[in-house]
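Below: one structure, written as structure tokens.
The values are calculated or read from the model by the stated rules, or taken from the named source; none is laboratory data. Not measured: the values here are computed from a predicted model. Glycine gets a Cβ as well: all are built from the backbone with ideal geometry, and neighbour counts include every protein chain shown. Surface areas here come from the heavy atoms of the whole protein model, side chains and all, with no ligands, DNA or RNA. Shrake-Rupley method; radii C 1.70, N 1.55, O 1.52, S 1.80 Å.
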Amino acid sequence: MYRMLIGSLVLFAVIVGAVAGTSAAAPTAAPGRVPSLVDPGWVAAHLAASDVRLVDVSSTRDAYAAGHLPGAVYVDWQADLVDPTHRVRGMAPTREQFQALMRRLGVRTTDAVILYDDTSSLFAARAFWIFKLYRHPRVAILDGGSRRWQLEARPLTTEAPVVSPSRYAAAPRDDSIVATAEYLVARLGEGVVCDARSPQEYAGLDVRSARGGRIPGAVNIDWRLNVAPDGSFKPVAELRALYARAGHTRDREIIVYCQTGVRAAHNWFVLKYLLGYPRVRNYDGSWEEWGNRADLPIQR
């Protein structure tokens, strides 16, 4: 009888173990600290994590609808990541506007947000800067975006996820990473001004505001110089040499601008998060403001 009882218990344990092994595993969590730049392998390994949210910031909604990373929600960079009430076109959303967007997307303050796009991380970098503007602690860019994801033959979906609204509470702005026109004017000649626009805009040949030209003393580093042919960021050593040749050294504060602060955010990300420069600001008004204000000095 004793042997029969032991045998029954062992058989029961084996059956329970087998059933447990075939049941769905509980969602895992991403590491506490998330690197600022992640590769497709990292994202694939954390797709099922309960605290990882993928945000697609591709150039158009049609691009998202044609196929996106599993579980990704879409953010329209031209509508969702701007303040439509500001007098200067393209300015970052207010704290209240950003908070409302996060709640609509179901993002929590504890989530690791992974941003990607279809344009060499141009719009992902702008979104990253805005997340950091409101001090979201865990945010990263998928290096190479959806293009690299597809080059590695990883799956896409056309199914939009159903999300539940969150109670996201945005932190106060981090003004240490943003510059205003007045801040810049007071420091002309002191720091380093980086122009992320095209060489034609920098020279005043491609005019997109009332005036063409550049901020006095600005050095041109077209944002496209940051990326390799496949859309991923160039190696750190190459980027360090690129900015060093332009006189952008770690001991000086660097203020980056473009037309509306989007391309500038790409250079800002490289300087601050890939090269580790301690003092880098994005002039959010950029040439959209500077070029349309007759009281601000320009250079051609």
Original post:
Once amide H atoms are built 1.01 Å from N in the peptide plane, which residues 5 or more positions from Val219, or in another chain, come under 5 Å H to H?
Top reply: Val193, Cys194, Asp195
**OP:** Would you mind calculating the relative contact order of the chain from Cα pairs under 8 angstrom and at least 6 residues apart, reporting the percent as a whole number?
**Re:** 18
Subject >> Rounded D (µm²/s) - region 144-184, Kirkwood Rh over Cα pairs, Stokes-Einstein at 20 °C, 1.002 mPa s >> reply: 140
**OP:** With a 10 Å radius around each residue's Cβ, average the other Cβ atoms per peptide and rank 110-123, 189-202, highest first.
**Re:** 110-123, 189-202
Subject >> Net charge dipole size for region 91-164 [Lys, Arg +1 and Asp, Glu -1 on Cβ; Debye, nearest 20] >> reply: 300
Subject >> Packing rank of 143-149, 76-82, where each peptide gets the mean count of other beta carbons within 10 Å, highest leading >> reply: 143-149, 76-82
Original post:
Remind me, what semi-axes does the chain give for its equivalent ellipsoid, largest first in whole Å, using sqrt of 5 times each Cα gyration tensor eigenvalue?
Top reply: 45, 19, 18
**OP:** In debye, nearest 20, what is the charge dipole magnitude of the chain about its Cα centre with +1 on Lys and Arg Cβ and -1 on Asp and Glu Cβ, if you could check?
**Re:** 480
**OP:** Under 1.5 on a/c is rounded, so check that first for region 165-300, then, if it is not, pick prolate when a/b is larger than b/c and oblate when it is not; a ≥ b ≥ c are the square roots of the alpha carbon gyration tensor eigenvalues.
**Re:** rounded
**OP:** Could you sort 272-279, 127-134 so that the peptide with the highest average Cβ count within 10 Å comes first and the rest follow in order?
**Re:** 127-134, 272-279
**OP:** For the chain, report the accessible area per residue in Å² (1.4 Å probe, heavy atoms, rounded to an integer).
**Re:** 47
Original post:
Where the centroid of each part is defined by its Cα atoms, how far is region 266-287 from region 166-202 in Å?
Top reply: 8
Original post:
Taking the Cα centre of region 134-184 as the origin, how large is its charge dipole in debye, to the nearest 20, when only Lys and Arg (+1) and Asp and Glu (-1) carry charge on their Cβ atoms?
Top reply: 200
Subject >> Axial C-alpha extent at least 30 Å, average Kyte-Doolittle at least -1.0 - helices from the chain (DSSP) >> reply: 2-22
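Can you give the net charge of the other residues whose Cβ lies under 11 Å from the Cβ of Ala160, counting K and R as +1 and D and E as -1?
Computed value for this residue: -1.
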**OP:** Take the alpha carbon atoms of region 39-61, find their center, do the same for region 219-259, and report the distance between the two centers in whole angstrom.
**Re:** 26
Original post:
Do you know the relative contact order of region 74-203, to the nearest whole percent, from alpha carbon pairs under 8 angstrom that are 6+ apart?
Top reply: 27
Original post:
Plugging the Kirkwood radius over Cα pairs into Stokes-Einstein for region 63-212, at a temperature of 20 °C and a viscosity of 1.002 mPa s, what D comes out in µm²/s?
Top reply: 122
